[in-house]
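Notes to accompany the following structure.
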Amino acid sequence: DLQAENERLSLRARLDLARAQRRGNLYLRWGVLGAGIELDGQQRKWHLAGAREWYEQQPRVLPATAPAP
């Protein structure tokens, strides 16, 4: 998972880019404008209305890993 935010910009991503079949979800916000992008191989699907809600409902792409001791 990737998350970077400040007052103007937000970026959240759950991506699996290690394989040839790249997949995942991305949420971008700039001010009041937001967009969600669904990545499945070479296919991309944009989610503009309710983008943040769409992103929050998506499952993780990769299993969570335990932090190193």
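Structural remarks
- Any chance Arg8 is at pLDDT 90 or above and more than 12 Å from the chain's Cα centre (by Cα): yes
- Only a single criterion out of (1) surrounded by 10 or more Cβ atoms within 10 Å (Cβ to Cβ); (2) without any contact (Cβ under 8 Å) to a residue 24 or more places away in the chain; (3) of a type in the set (A, V, I, L, M, F, W, C) is not satisfied by Ala20, namely (1).
- Options Leu15, Leu26: the member that is crowded, with 17+ Cβ neighbours inside 10 Å and part of a strand (DSSP E or B): Leu26
- The C-beta contact set for segment 23-49 (first residue closer than 14 Å to Leu9 by Cα, second residue assigned to a strand (DSSP E or B) and of a type in the set (D, E, K, R), distance under 7 angstrom, 6+ apart or interchain) comprises Tyr27/Arg12.
The values are calculated or read from the model by the stated rules, or taken from the named source; none is laboratory data. Just so it is clear, the structure is predicted and the values come from calculations on it, not from any experiment. Note that each Cβ is placed from the backbone with ideal geometry, even for glycine, and that neighbours are counted across all protein chains shown.
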